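For reference, the structure discussed in these notes is given below.
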Amino acid sequence: MTENWWKESVVYQIYPRSFCDSNHDGIGDIKGIIDKLDYLRQLGIDVIWLCPVYKSPNCDNGYDISDYQNIMDEFGTMKDFDELLYRAHEKGIKIIMDLVVNHTSDEHAWFIESKKKYKNPYHDFYIWREGKNGKEPTNWESWFSGSAWEYCEDRNMYYLHVFAKKQPDLNWDNPVVREEIYKLMRWWCEKGVDGFRMDVISMISKAEQFEDGNVMEGHTYGDLSPYVIHGPHVHEYLKEMNTEVLSRYDLMTVGETAGVTPEEAINYAGFDRRELNMVFHFEHMDLDFGEKGKWNDKPPKLTRLKEVMSRWQNELYDKAWNSLFWNNHDQPRIVSRFGNDKEYWEKSAKMLATCLHMMQGTPYIYQGEEIGMTNIPFTSIEQYRDIESHNAWRDLVENGDFTPEYMLKCLNFKSRDNARTPMQWDDSNFAGFSDCEPWIQVNSNYQKINAASQVNDPDSIFSYYKKLIQLRKEHKIIVYGKYQLIMEESEAVFAYIRFYKNEKLLVLCNFTDKDVLCQIPNEYDLIEKELLIGNYHDSLQDPWKLRSYEAKVFKYTD
Ligand code: NOJ
């Protein structure tokens, strides 16, 4: 397999709004990130994925862009950005930008022109349709609840918005739109950025015919997914983007591709496809969905998680590259989701990290994950800031599907705001994130869980992540080795082996608070092994026994 820097890198995702506030307004900013570059260097990461910092009215915290070549006032200036890029590069850290080009903000100059009554060059920049019998063109439901169509009086037409109504979808079938996007991408590349994380890139090509979607039980609107995901021209457009932009620079690219299967992922990111380097799939994140989609309060069975993770490891092997993540700004905190954020907080955070970081693919760490940050138990909808959570509350509670108590339970378990509370830097007021009231409440556990108490403690979750990152740099088997699941049927243990040249790794992770005995193929008992990492001391004493949330990794060399 060809070796590439982006296969060997570990990425750290920054959600700037919640990372570090340098100018006393309760909102994180670019200068705040610059202040923390040494912390990131200490952790050992190679690449920052910077969530959107472009000009935006912030209906969806920057995922609604009104100017792609300017910086959001709250985050600073372009001069600050240039300094961040320069300083990060100086420290050997690359930066990939979040590229949100499936849609813009409705306050983008293109949309302001597009919605005008009289024909102009921007009229076809978005997806406009006539109404049907005085109603929306189709019954589609937006991913943020409600209809996916919004009426515009001036044009007497509807425009499509897969997400919020302030996020109109661009019309990628218009070649002028595509050229404008490539132009702005080249502009960022010329600045020296190192790549792009492409927001909902699997949605840029829409179906040729729009028809009503299936109305699933309990839903008012129809499912738009078949009309907007993996559309007929998506690969043609990505290949064009590759020719026009990506192939001209040494970049790392990762596409956010909701609804993707491994087979389709190979189309997007196959080694011979000339499209993207890798994609994010969400199969493992969708396992705890319930009847009302993501709004649920129960974790999935371990065997289902193992099946999904293993299928991706196996099916992409030698054909395409995996991205590995437990967290991002849209997902609740993993230690509260698949771990135990109470008695076994530290052990389970380390176990989850081991389980993911020993797999093949590029690992992504989301800010705060490296110190074991947890979900936040808000007690009222008013404390939430996220548009998706508010829209869902309106739909499910105000329509009487869920009681407020149950919906709060679901939000506590799944809301995106769990990931968006301020980074916990120390035990001072507002967790050292800011010196004034932040835009969203700080988790009250910041006195126990914070970076300052962990960076110099060799037993901390931070130090454990640091070690996992180092190991990846020292052992090619972690990056390139082939994967094989063992103990398939176990509902307690996630165990797998990696193979590379004359080496093997045996990874054992207990997902429960009970002791378990592993069933290991005989040969692993007989040959000499080296313990690479473990989250308990004395892990070698009784090698096949796993205590509560224990993880250990053995290395064998022929
Ligand atoms: C996916 C992003 O990760 C999410 O935060 C955003 O709301 C939607 N795309 C719309 O841009």
*Tell me, which residue of the stretch 45-73 that is of a type in the set (A, V, I, L, M, F, W, C) and over 15 Å from the mean Cα position of the chain (by Cα) is surrounded by the fewest Cβ atoms within 10 Å (Cβ to Cβ)?*
59
*Between a first residue in the stretch 406-417 that is farther than 15 Å from residue 293 by Cα and a second residue that is in a helix (DSSP H, G or I), which pairs have beta carbons less than 7 Å apart while being 6 or more apart in sequence or on different chains?*
417/389
_Condition check for residue 402: open to solvent by less than 60 Å² (accessible area, probe 1.4 Å), out of contact with any Gly (no Cβ under 9 Å at 6 or more places or on another chain) and modelled with pLDDT under 95_ = yes
_Failed criterion for residue 391 (all others in (1) in contact with a Gly (Cβ under 7 Å, 6 or more places away or on another chain); (2) more than 16 Å from the ligand (Cβ to nearest atom) hold)_ = (2)
*Kindly list the number of the only condition in (1) farther than 28 Å from residue 194 by Cα; (2) open to solvent by less than 40 Å² (accessible area, probe 1.4 Å); (3) without any contact (Cβ under 8 Å) to a residue 60 or more places away in the chain that fails for residue 262.*
(1)
*Within the stretch 427-474, can you find the residues that are more than 23 Å from residue 33 (Cβ to Cβ) and part of a loop (DSSP other than H, G, I, E, B)?*
448, 457, 458, 459
*Odd one out for residue 120 among (1) out of contact with any strand residue (DSSP E or B) (no Cβ under 6 Å at 6 or more places or on another chain); (2) closer than 25 Å to residue 59 by Cα; (3) polar (S, T, N, Q)*: (2)
*Test residue 287 against the criterion of being of a type outside the set (Lys, Arg), closer than 21 Å to residue 506 by Cα and away from the ligand (no atom under 16 Å from the Cβ), and give yes or no.*
no
*Having 1 or more residues that are open to solvent by less than 10 Å² (accessible area, probe 1.4 Å), in contact with a strand residue (DSSP E or B) (Cβ under 7 Å, 6 or more places away or on another chain) and modelled with pLDDT of 95 or more is the bar; report the helices (runs of 4 or more DSSP H) wholly within the stretch 265-373 that clear it.*
302-316, 345-357
_Please pick out the residue among 520, 477 that is outside any strand (DSSP E or B), open to solvent by less than 70 Å² (accessible area, probe 1.4 Å) and modelled with pLDDT of 95 or more._
477
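The values are calculated or read from the model by the stated rules, or taken from the named source; none is laboratory data. Treat the numbers as computed from the prediction; the structure is a model and nothing was measured. All Cβ positions, glycine included, derive from the backbone under ideal geometry; neighbour counts span all protein chains shown. Heads up: the accessible areas ignore ligands, DNA and RNA and are worked out on the full protein's heavy atoms, side chains in. Shrake-Rupley method; radii C 1.70, N 1.55, O 1.52, S 1.80 Å.
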